[in-house]
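Each remark here refers to the structure printed beneath this line.
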Amino acid sequence: MSKPDATPPLVREAKRRLAVIRHVEQVTGNVAMSCRYIGISRQPYYTWYRRYQAEGAVGLRTRSKAPKKSPNATHVEVVGKIIYLRQDYRFDPEKIAMYLKRYNDVTISKSSVWGS
C-alpha cells in the first residue's frame with residue numbers, strides 16, 4: 001500500500017498560477033513582460049507570488065471572496081423564531097414580520113424574513 005499524499009493535487013487554476021510564477025522565474029525574469037505576454041496585470045501576479053512564498057503551491061488555490069463576518073446579519077434567535085413560525089404556523093413573510101414586531105419587539109422587513 002502506498003501512502004496518501006500530504007497535499008491534495010492542484011486544481012487547474014492553481015496550476016496556471018504556478019506556471020505564471022515559474023515563467024517569470026525561469027524564462028524572462030521580468031514580471032511586467034511576463035504578465036503582458038500572458039495577459040494579466042501585475043497586481044494578481046504579486047498576490048499569487050506572496051501566497052506562493054508563504055504557503056507553497058497550496059496557497060495558489062482559488063479562495064472565497066465572501067466576507068468572513070457579516071455584521072448586519074439577522075440574529076440567530078430571530079432566525080430560529082422565523083423558521084419556527086414558517087414551519088409550525090405556515091406564516092408568510094409579511095405575517096412573520098408583523099408577529100415579531102408585535103409580540104417580540106423585533107423590527108425586521110418582510111424581505112429579510114424571506115431571506116432568512
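Tabulated values for the structure
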quantity: Selected from Tyr89, Tyr46, Tyr37 as most flexible by GNM, with the chain as the system and alpha-carbon contacts under 10 Å; calculated: Tyr89
quantity: Candidate lysines - alpha carbon under 29 Å from Lys81, same-chain residues fewer than 8 apart omitted; calculated: Lys68, Lys69, Lys95, Lys101, Lys110
quantity: Using alpha-carbon coordinates, inclination of helix 76-89 to the longest axis of the chain, degrees; calculated: 60 degrees
quantity: Under 20 Å from the Cα of Lys15 - aspartates and glutamates, other chains or at least 8 residues apart; calculated: Asp5, Glu25, Glu55
quantity: Cα gyration tensor category, rounded, prolate or oblate, for the stretch 1-85 with a/c compared to 1.5; calculated: oblate
quantity: Mean separation of Cα contacts under 8 Å, 6 or more apart, over the residue count of the stretch 76-115: relative contact order %; calculated: 32 percent
quantity: His23, His75 arranged by Cβ crowding within 10 Å, fewest neighbours leading; calculated: His75, His23
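Rule-based calculations on the coordinates, nothing more; no lab input. Note that the structure is a prediction, hence the values are computed from the model and not measured. Cβ coordinates were reconstructed from backbone atoms using ideal geometry, including for glycine residues, and neighbour counts include every protein chain displayed.
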